[in-house]
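K.L.:
Take a look at the following structure, please.
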Amino acid sequence: MSAAPMHSVLREFHRPAVWVAIWILMIAAVVVTSLLPADDLPPAPFDGVDKLEHFLAYLVLSAWAVMLFAGRRTQSLAAAAMIALGVGLELAQSALTASRQADSADALANALGAMVGLMLAPTPVSRALQWLDGVGRRN
């Protein structure tokens, strides 16, 4: 039995590769910024802003997956992968950088953001990329 074609996993798009590539680039940006030396990052404008940044970044990553993938199971797996990524990057900060440390509050903010992004699945937001792509627009 062969694997299902990729297009059946994704929602219907005219340009699916573009939307998948953007998601991958966003994930790469999160990985890179998470592992940059602390001195290379701009200073926080106020205490706690980094938790908001973590929450919003993972909300966007998870919401993008909701907009990309057709099925709830795949959307849920993507959100779980984002949570695992967030925890893994926190551990990597401690193990691979000299100026960063693991922070359980950051991992929690990541996980909460990913879960909120997943909660957008039953809302009209889940069709936003298709709308941008032109699928389903009325002429």
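No value in this document is a laboratory result; all are computed from the given coordinates. All of these numbers come straight from a predicted model, not from anything done at the bench. No Cβ is skipped: glycine too gets one built from the backbone with ideal geometry, and neighbour counts run over all protein chains shown.
K.L.:
Pick from the range 88-120 the residues that are out of contact with any helix residue (DSSP H, G or I) (no Cβ under 8 Å at 6 or more places or on another chain) and among the small types (Gly, Ala, Ser): which of them is surrounded by the most Cβ atoms within 10 Å (Cβ to Cβ)? Walk me through it before giving the result.
P.N.:
Kept after step one, since they are out of contact with any helix residue (DSSP H, G or I) (no Cβ under 8 Å at 6 or more places or on another chain), are these residues of the range 88-120: 88, 91, 94-95, 98, 108, 119.
Okay, now just the ones that are also among the small types (Gly, Ala, Ser), so 88, 94-95, 98.
Working: Gly88: 15, Ser94: 11, Ala95: 10, Ala98: 7.
Here the answer is Gly88.
K.L.:
Could you tell me which residue of the range 54-77 is farthest from Met115 (Cα to Cα), considering only residues that are surrounded by fewer than 21 Cβ atoms within 10 Å (Cβ to Cβ) and either of a type in the set (Val, Ile, Thr) or under 11 Å from the mean Cα position of the chain (by Cα) (or both)?
P.N.:
Per the criteria, the residue is Thr74.
K.L.:
If you don't mind, another one. Within the range 11-53, track down each residue that is more than 19 Å from Asn110 (Cα to Cα) and surrounded by 14 or more Cβ atoms within 10 Å (Cβ to Cβ).
P.N.:
Of everything in the range 11-53, those that are more than 19 Å from Asn110 (Cα to Cα) and surrounded by 14 or more Cβ atoms within 10 Å (Cβ to Cβ) turn out to be Arg11, Phe13, Pro16, Trp19, Val20.
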